[in-house]
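Please treat every number below as a calculation from the coordinates, not as lab data. As the structure is a prediction and not an experimental result, all values here were calculated from the model. FYI the Cβ positions are ideal-geometry reconstructions off the backbone, even for glycines, and counts take in every protein chain you see.
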Amino acid sequence: MSLVYIGLGANLDQPQQQLEQALIELAQLPNSTLISHSSLYHSKPIGPQNQPDYINAVALIETDLTPLALLDTLQQLEQDHGRIRKRHWGERTLDLDIILIDDQTINSERLTIPHPFAQQRSFVLIPLFEISPQLVFPDGTALEQLLTELDNDLIRIRD
């Protein structure tokens with residue numbers, strides 16, 4: 001069993017409800033258990049600014065799925081929510097990113113773990129800290145240290 005942190009984000013078609021439904025669906029993944037999840041947060045978009053603000057969260061699951069099987073499953077959930085990839089860092093009904101898998105480092109054509117931008121984004125780090133304040137990234141960087149280097153522009157909207 002692996003412990004996996006998953007970042008959730010949405011900014012189209014009732015994004016708060018998209019995330020709430022996605023959390024229910026994460027709890028139903030095969031060979032997996034939803035351990036916990038953060039509050040929901042409101043954040044400004046990264047990339048193109050001519051799109052709605054986001055709702056974000058982080059979930060922690062325990063799973064027997066391989067990293068690529070989990071990626072395929074998460075991408076299918078995105079499709080089930082009507083995700084269409086129109087532009088890089090563009091608007092979406094649901095985005096599910098694998099942030100960390102145990103203390104693994106993966107660099108493949110389809111998957112990079114830890115997520116390449118996780119250590120730079122408050123909408124990942126703040127919800128991550130909420131559920132795992134003692135977390136240390138595989139490179140030895142403490143989550144708590146990363147938070148001291150970030151601007152907190154998030155607004156908690158629901159526990």
message = Just to verify a result, which residue in region 91-148, among those that are out of contact with any Asp or Glu (no Cβ under 9 Å at 6 or more places or on another chain) and of a type in the set (Ser, Thr, Tyr), is nearest to residue 62 (Cα to Cα)?
response = 132
Which numbered condition residue 21 fails, given (1) in contact with a strand residue (DSSP E or B) (Cβ under 9 Å, 6 or more places away or on another chain); (2) surrounded by fewer than 18 Cβ atoms within 10 Å (Cβ to Cβ) = (1)
key: Hey, residue 55 β-branched (Val, Ile, Thr) and buried (at least 18 other Cβ atoms within 10 Å of the Cβ) or not   = yes
ask   = residue 65 versus (1) assigned to a strand (DSSP E or B); (2) surrounded by 13 or more Cβ atoms within 10 Å (Cβ to Cβ): which is the lone unmet condition?
value = (1)
task = Write out, first by first residue and then by second, each pair whose Cβ atoms fall under 7 Å of each other, whose residues are 6+ apart or on separate chains, and whose first residue, in region 95-124, is within 16 Å of residue 143 (Cβ to Cβ) while the second is among the small types (Gly, Ala, Ser) and surrounded by fewer than 19 Cβ atoms within 10 Å (Cβ to Cβ).
result = 101/2; 102/2
request  = Could you identify the single residue in 70, 60, 34, 96 that is surrounded by 14 or more Cβ atoms within 10 Å (Cβ to Cβ) and outside any strand (DSSP E or B)?
outcome  = 70
ask   = Has region 2-15 got any residue that is among the small types (Gly, Ala, Ser), outside any loop (DSSP other than H, G, I, E, B), without any contact (Cβ under 8 Å) to a residue 60 or more places away in the chain and out of contact with any Lys or Arg (no Cβ under 9 Å at 6 or more places or on another chain)?
value = no
message = Can you tell me how many residues within region 1-49 are under 17 Å from residue 64 (Cβ atoms) and of a type in the set (S, T, N, Q)?
response = 5
task = Check off (1) assigned to a helix (DSSP H, G or I); (2) closer than 17 Å to residue 9 by Cβ for residue 147 and give me the number that stays unchecked.
result = (2)
